[in-house]
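Notes follow once the structure below has been shown.
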Amino acid sequence: MSARRPILGVIFGGRSGEHEVSLMSARSILGAIDRDKYEVVSIGISKEGRWYAGENVLDALETGQLEGLEPVTIIPEPGPPILYRIVAEDRLEAIVELDILFPVLHGTFGEDGTLQGLLEVAEIPYVGAGVLASAVAMDKALFKSLMRSEGIPVLDWMVANSVDLERDADGVLDRAEAMAGYPLFTKPANLGSSVGITKCRSRSDLYEGVLDAAQYDRRILIERGIEAREIEVSVLGNEDPEASIPGEVRPGDEFYSYRAKYIDDSSELLIPAPIDDELAESAKQMARQAFQAIDGAGMGRVDFLLETSSGRLYLNEINTIPGFTQISMYPKLWEASGLPYPRLIDRLVELGQQRHGQRQRLQRSYGGAG
C-alpha cells in the first residue's frame, strides 16, 4: 500500500490591496505543485474576509461569483489542524485534516503576521515567516530602523500618519522637504506590490502622494529618491538561509510600479544581474544578514537599490511572501540557481514543517517558584 500523501492547504486572496496579485501567485503555485506528492486543498479568502473552499474557488474569486462555494473556517485553539465546513451559525462539519498550510496572501491580513498568529494559536504548521518576521518586514519604517541598527545601508526616510495629515499637512510636507530634496517617494508603510507608491517631483506631487498612500495605511513612509538600478535576491531557509544569484529588474515604468509588475510586459528581468562578482556576493551576504535579523523563515525576496552615481547598494525591503506568478523574480532566481519550481515548493514545505517542529518542542508552562 502506498504511503498517504501529505495534505497541503493553499490559502490565497484576502482583504488586501494585493488581492489580485495573490490570485495570480496562487494560480502559478497550484499549477506547479506535484500532485503525486501532495493532496491539495484550495482555500480562498474573499475581499470581505470570508473563507471558502471548493474545486473552483480560485476561478470564483477571480470572477467574483462565489455562489456554490463552501464557507469554511478553522478553530483558533490547539488541536488537530482541521478545516471545517460552516453548515450553520452553530454547526461545523469537519472536511479535512491539514498537514501544512501554504499562505499565498500578499499584504495586510496575510503577510503581516496576523494570519501567522492565528495559525500559531491553532497550532497549524505553515510555510514561511512567523509572526515577528512577518510584522517587521511588512512595516517599511520599522524594518528600516532594524536594518540601520544592523549596519545595513538604507535610504533616509520619515514617517507620518493620517492624524498628522489631518492636523497639519503642511507641517508634514515641510519635514519631508527638510529631510531630502526631490524626488521623494511616498508609500503606505504596510503594503507591497508597489500599491499606493508615488514618485514625487514637487510639493504638489508630495501632497497627492501622501493622500494616496493614506488610503491604504494609517502610517505613511516618505523616502529619499535616488537614480538606481533594482537588484533582487531570493532567500531560502530557516536558521542557515541560502541566497540565490542576484537578478535585475529594468522597469517599463519610471519605477517598478504595480502596472510594470503585473499588467504590461514592458519590464525586463535580467538573470543573472549584470553586476560584478564582488557586488553580487555583497548583495547575497546582505540578503542573508537581513533575513536572519528579522528571524525570517522559509522564503524571502530581498530588494536592493544600486545607486547609479556612487555604485552604493541600499537595502530596500524584504518580501516574506514574495510574488509567485509566472513572471515573478523569486521562483525565477531559484530556477536559475538550480532549484526548479516544483522542488522549490517541496523545500518550502519541508522548512515549514521544521519550524513547526521547533515551536512544538517549546515549554508552554513553568512550574518554578514564583
Exercise for the section: Report the residue count in the range 202-229 for those that are in contact with a Cys (Cβ under 7 Å, 6 or more places away or on another chain) and among the hydrophobic types (A, V, I, L, M, F, W, C). Expected result: 1
Exercise for the section: Determine which member of the set 82, 74 is among the aliphatic types (A, V, I, L, M), in contact with a Leu (Cβ under 8 Å, 6 or more places away or on another chain) and without any contact (Cβ under 8 Å) to a residue 24 or more places away in the chain. Expected result: 82
Problem - residue 21, sole failed condition from (1) modelled with pLDDT of 95 or more; (2) open to solvent by less than 40 Å² (accessible area, probe 1.4 Å) - result: (1)
Problem - Answer residue from the range 334-370, given it is of a type in the set (D, E, K, R) and touching a strand residue (DSSP E or B) at 6+ places or on another chain (Cβ under 9 Å) and is surrounded by the fewest Cβ atoms within 10 Å (Cβ to Cβ) among those - result: 347
Exercise for the section: Return a yes/no flag: does the range 22-36 have any residue that is acidic (Asp, Glu) and part of a helix (DSSP H, G or I). Expected result: no
Handout entry: Members of the range 97-120 found to be among the β-branched types (Val, Ile, Thr) and at pLDDT 95 or above, listed by number
Key = 100, 104, 114
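Just one of 283, 273, 297 is surrounded by 16 or more Cβ atoms within 10 Å (Cβ to Cβ), at pLDDT 95 or above, within 29 Å of residue 38 (Cβ to Cβ) and hydrophobic (A, V, I, L, M, F, W, C); which is it?
Being surrounded by 16 or more Cβ atoms within 10 Å (Cβ to Cβ), at pLDDT 95 or above, within 29 Å of residue 38 (Cβ to Cβ) and hydrophobic (A, V, I, L, M, F, W, C) holds for just one of 283, 273, 297, which is 297.
Each row is one residue, and each column tells you yes or no for (1) open to solvent by 20 Å² or more (accessible area, probe 1.4 Å); (2) out of contact with any Leu (no Cβ under 7 Å at 6 or more places or on another chain); (3) under 19 Å from residue 318 (Cβ atoms).
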{"site": "174", "(1), (2), (3)": "yes, yes, no"}
{"site": "184", "(1), (2), (3)": "no, no, no"}
{"site": "188", "(1), (2), (3)": "no, yes, yes"}
{"site": "196", "(1), (2), (3)": "no, yes, yes"}
{"site": "203", "(1), (2), (3)": "yes, no, no"}
{"site": "210", "(1), (2), (3)": "no, no, no"}
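Scanning the range 142-176 for residues that are of a type in the set (Asp, Glu) and out of contact with any Lys or Arg (no Cβ under 7 Å at 6 or more places or on another chain), which turns out nearest to residue 223 (Cα to Cα)? Even if it seems obvious, please write down each step before you answer.
Going through the range 142-176, the residues of a type in the set (Asp, Glu) turn out to be 150, 156, 164, 166, 168, 170, 174.
Then keep just the ones that are out of contact with any Lys or Arg (no Cβ under 7 Å at 6 or more places or on another chain); that gives 150, 164, 166, 168, 170, 174.
Working: 150: 19, 164: 17, 166: 20, 168: 19, 170: 17, 174: 14 Å.
Step by step, filter the range 142-176, then rank; the result is 174.
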Completion exercise
In the range 140-166, anything surrounded by fewer than 17 Cβ atoms within 10 Å (Cβ to Cβ), modelled with pLDDT under 95 and farther than 20 Å from residue 107 by Cβ is listed as 163, 166
Problem - Selection count where residues are within 14 Å of residue 290 (Cα to Cα) and surrounded by fewer than 17 Cβ atoms within 10 Å (Cβ to Cβ), scope the range 123-139 - result: 1
Problem - Where a residue in the range 215-227 is over 14 Å from residue 315 (Cβ atoms) and polar (S, T, N, Q) and its partner, wherever it lies, is crowded, with 17+ Cβ neighbours inside 10 Å and modelled with pLDDT under 95, with Cβ under 7 Å and at least six apart - result: 215/196
Problem - Checklist (1) open to solvent by 60 Å² or more (accessible area, probe 1.4 Å); (2) free of Cβ contacts under 8 Å to residues at least 40 places away in the same chain; (3) in a helix (DSSP H, G or I) applied to residue 120, failing item - result: (2)
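The values are calculated or read from the model by the stated rules, or taken from the named source; none is laboratory data. All values reported here derive from a predicted model rather than from experimental measurement. Ideal geometry is used to build each Cβ from the backbone, glycine not excepted, and the neighbour counts take in all protein chains shown. We work out accessible area using only protein heavy atoms, side chains counted, and drop any ligands, DNA or RNA first. Shrake-Rupley method; radii C 1.70, N 1.55, O 1.52, S 1.80 Å.
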